[in-house]
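J.: There's a structure below that I have some questions on.
What follows draws every value from the coordinates through simple rules; no lab data is involved. Quantities reported herein were computed from a predicted structural model and do not represent experimental measurements. Virtual Cβ from ideal backbone geometry, glycine too; neighbours counted across all protein chains shown.
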Amino acid sequence: MIMNLQMIGMVALVRKETRRVLRIWVQTIIPPGITMSLYFIIFGTLIGRRIGQMDGFQYMEYIAPGLIMMSVITNSYGNVVGSFFNAKIQRHIEEMLVSPMSEISIVTGYLAGGIIRGIFVAAVVSLIALFFTQLNIQHPVLAILVIVMTAGVFSLAGLLNAIFAKKFDDIAIIPSFVLAPLTYLGGVFYTITLLPDFWQKVSYFNPILYMVNAMRFSVLGKSDIDIFTGILVILAFFIMLLCTAIYLLKKGVGIRE
Amino acid sequence: MNALTIQNLTKTYANGVEALKSINFNVAEGDFFALLGPNGAGKTTVIGIVTSLVNKTSGRIEVFEHNIEKNLSAAKSCIGVVPQEINLNLFDGIFNILVNQAGFYGVPRKESLKRAEHYLRQMELWDKRKEMARSLSGGMKRRLMIARALVSEPRLLLLDEPTAGVDIETRRAMWNFLRKINRNGTTIILTTHYLEEAEQLCNQLAIIDDGEIVENDSMYNVLTKLKLEVFVLNLDQSIDAVPEIEDYFIEITNPKEIEVHVKQAQTLNPVFEKLASLGIGVLSMRNKTNRLEELFIELTRAESNIGVTIE
């Protein structure tokens, strides 16, 4: 009975979050489509022609999985950080906090919202990619798994950011100063074998490298890292962030006085 | 059974402010209970702790015998809350807000849709159901918050100044509605600055001042504690001199109106008898000030906070 109550609450939150993504589709779905189109035009068509091949693939084909992941990462993060922080600022998060919903249900609801937006965006960017290059996906199930798990990791990261954020600046700092550099340095546009030894080793500390390369392996069948290591790293981050988010909400950090 | 049991509840905020100093009170099932106090007395903190929006420092709280530490989910299932501040998702549709809230309380979707319609109609907001919450007036937002709190059909309804900023007509309509749901079995705890509202609606009350309960009794008992009441009598003819009655202080405020000061043990009978013997009729009579307000000021010394001298 209690399980059923939690399930109904969680489904209500997922429905609410999905409706939000679709209601403001001009803000949530279209912009990543436009941004990624520009990446394909500039880095793929214009500059890519001069670069030639990367790791045995046409440059456009090589960067496509990374660009899909880049949009999944920024959008799943942005979805949850924006939605949760707005709920905090407008105080309608209290609708959930006063209800019998458990912290696990609340986290799962927001997590699902972020993943759903990540999937929508991945689909849109993949469709756009087809206008510029071919996507012969080698491991489709793995590709979906990587997209879902990566969207999950960054939805949870966005949730943590929103939990601690006290003002709008706080939700802009992490995406600008942490997420963007890690994404650009995560092997979206290059193989790390091009880097000097030292920077190759440094790159292994960047979790986004594993996500981008896991996606690249799913699509191209080739990547800089071992796929099992990639999946394990994503899974480890997912579990760690999930437990942290649930713990913080249970403690009332950022949401209770 | 008690709808709410509060024992030795203490709250000290991170900045050191001691908002609640080991308070105790119970609210019986079916009561319409007023929790009164001046600004900053601790009323909202009590409601915040009961609804788990504020972490308590120490103490014990039970909602329909569910301890909020051991069985928070069951306790929260019994509670609906209308907060002091507007906390609606202003960019969400009005109907959706209610359906979501019902869902958060575990109400199946089909039933949620029915209840959302029912309570929007009750609050006369059905015609606005497709609009966003931000398009509503202040009074409508308050009504929407009440509908949102009721959609889970709680056994205990917490109303934190629900009629603040609401026009008189709407307030009276809300009073009637709240009386009705109370009669139907919902226990209500009301905080308000309109003491007339508390006197009209509530059968029990607690007054909290500076984090301590300074009064906790039935409304009837509390009102009988007033040491002095002043009645204004409108007369059917002008009088020139004050009618002399032993032990009564009477003054003429205008030619056809007198004020009679009545002490706790006195009745108004001698005054009426005296006026009748003088051939003067009493057209109407009222309390000069709200009785609960008098008592409230006496207990909390609220006027001294704003620099008005109390005699």
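J.: For chain B, modelled as a GNM with alpha-carbon contacts under 10 angstrom, which of B:R148, B:R121, B:R286 fluctuates the most?
T.: Result for chain B, Cα springs under 10 Å: B:R286 fluctuates most.
J.: Give the order of B:L9, B:L223, A:L127 when sorted by the count of other beta carbons within 10 angstrom, beginning with the fewest.
T.: A:L127, B:L223, B:L9
J.: May I ask you to evaluate 6.51 cos²θ - 1.76 cosθ + 1.60, the Karplus curve with θ = phi - 60°, for each residue of segment A:221-227 and list the ³J(HN,Hα) values in order in whole Hz, giving x for glycine and proline?
T.: x, 8, 7, 6, 10, 5, 4
J.: Could you check the spin-label model distance between B:D240 and B:V17? Points 7 Å from the Cα along Cα→Cβ, value in nm.
T.: That separation, rounded to one decimal, is 6.0 nm.
J.: Right, here's the next one. Grab the beta carbon distance between A:L235 and A:L182, set R0 = 25 Å, and tell me the FRET efficiency rounded to 0.05.
T.: 0.85
J.: Okay, moving on. Going by Cα centres, segment B:72-137 and segment B:216-281 are how many Å apart?
T.: About 49 Å separates the Cα centre of segment B:72-137 from the one of segment B:216-281.
J.: Any chance you could run the full-extension gain for B:L268 through B:F91? It's 0.36 nm times the residue separation minus the Cα-Cα distance, nm to one decimal.
T.: 58.0 nm
J.: Still on this model: Within 10 Å of each residue's Cβ, count the other Cβ atoms and sort A:K88, A:K167, B:K263 from fewest upward.
T.: A:K167, B:K263, A:K88
J.: Then there is this: Could I have the simple spin-label model distance between B:R179 and B:N55, label points 7 Å from Cα toward Cβ, reported in nm to one decimal?
T.: 4.4
J.: Checking the table A:K167/B:K141; A:K250/B:K56; B:K225/B:K263; B:K110/B:K141 against a 21 Å threshold on Cα-Cα, which pairs fail?
T.: Pairs exceeding the cut-off: A:K167/B:K141; B:K110/B:K141.
J.: With runs of 4+ DSSP H residues as the only contributors, calculate the mean residue ellipticity of chain B at 222 nm using -39,500 (n - 2.57) per run, divided by the residue total and rounded to the nearest 500.
T.: After summing the helix terms and dividing by the residues of chain B, the value is -9500 deg cm²/dmol.
J.: Relative to the Cα centre, what is the charge dipole magnitude of chain B, using +1 at the beta carbon of each Lys and Arg, -1 at the beta carbon of each Asp and Glu, and rounding to the nearest 20 debye?
T.: Using Cβ point charges on Lys, Arg, Asp and Glu, chain B gives about 1980 debye.
J.: Now for a different question. Please name which of A:T191, A:L46, A:M96 has its Cα lying farthest along the dipole of segment A:2-251 towards the positive end, using unit charges on Cβ (Lys, Arg +1; Asp, Glu -1) and the Cα centre as origin.
T.: A:M96
J.: Between B:E69 and B:I252, what length in nm is gained on full extension when 0.36 nm per residue of separation is reduced by their alpha carbon distance?
T.: 59.9 nm
J.: Continuing with this model, one more query. Rounded to the nearest 20 debye, what is the charge dipole size of segment B:172-245 about its Cα centre when +1 sits on each Lys and Arg Cβ and -1 on each Asp and Glu Cβ?
T.: 620
J.: Something else about it: With unit charges on the beta carbon (Lys/Arg positive, Asp/Glu negative), name the residue among B:Y13, B:P38, B:S58 whose Cα is farthest towards the positive pole of the charge dipole of segment B:1-84.
T.: Farthest towards the positive pole: B:Y13.
J.: Let me ask something else. What is the spin-label model distance, in nm, from A:L46 to B:E117 if the labels are put 7 Å beyond Cα along the C-beta direction?
T.: 5.7
J.: Under 8 Å for C-alpha pairs, at least 6 residues apart: give me the relative contact order for chain A, rounded to a whole percent.
T.: About 26 percent, as a whole number.
J.: Just report the Cα centroid separation between segment A:76-101 and segment B:156-203, whole Å.
T.: What the calculation gives is 29 Å, centre to centre.
J.: So for chain A, taking the charge dipole from beta-carbon charges (+1 Lys/Arg, -1 Asp/Glu), which of A:L249, A:W25, A:I225 sits furthest toward the positive end?
T.: Farthest towards the positive pole: A:W25.
J.: Find how many whole Å separate the alpha carbon centroid of segment B:17-43 from the alpha carbon centroid of segment A:161-202.
T.: 50
J.: Calculate the dipole size of the protein assembly as shown relative to its Cα centre from +1 charges on Lys and Arg beta carbons and -1 charges on Asp and Glu beta carbons; express the result in debye to the nearest 20.
T.: It comes to approximately 2880 debye.
J.: Turning to a different aspect of this structure: In sequence order, what are the phi-derived ³J(HN,Hα) couplings for segment A:84-90 according to the Karplus relation 6.51 cos²θ - 1.76 cosθ + 1.60 with θ = phi - 60°, rounded to whole Hz, with x for glycine and proline?
T.: These are the phi-based 3J(HN,Hα) values: 5, 5, 4, 4, 5, 5, 7 Hz.
J.: Next question, about the same structure. Express the relative contact order of segment B:228-292 as a whole percentage, based on alpha carbon pairs under 8 Å and six or more residues apart in sequence.
T.: It rounds to 47 percent for segment B:228-292.
J.: Select from A:A12, A:A122, A:A112 the residue whose mean-square fluctuation is largest in a Gaussian network model of chain A (Cα-Cα springs shorter than 10 Å).
T.: The residue that fluctuates most here is A:A12.
J.: What is the antiparallel percent of DSSP beta bridges lying wholly in segment B:2-223, to the nearest 5?
T.: Of all bridge pairs located within segment B:2-223, approximately 55 percent are antiparallel.
J.: A follow-up question, please. Which one, A:G48, A:G56, A:G113, has the greatest fluctuation when you compute a Gaussian network model over chain A with C-alpha springs under 10 angstrom?
T.: Answer for the Gaussian network model of chain A: A:G56.
J.: Which net charge results when you count Lys and Arg as +1 and Asp and Glu as -1 among the other residues whose beta-carbon is under 14 Å from that of B:G165?
T.: Its environment carries a net charge of -2.
J.: Would you mind checking which residues have amide H under 5 Å from B:A28's amide H? H placed 1.01 Å from N; only 5 or more apart, or other chain.
T.: The list, which skips near neighbours in sequence, is B:A3.
J.: Any chance you could run the full-extension gain for A:I89 through A:I144? It's 0.36 nm times the residue separation minus the Cα-Cα distance, nm to one decimal.
T.: 16.4 nm
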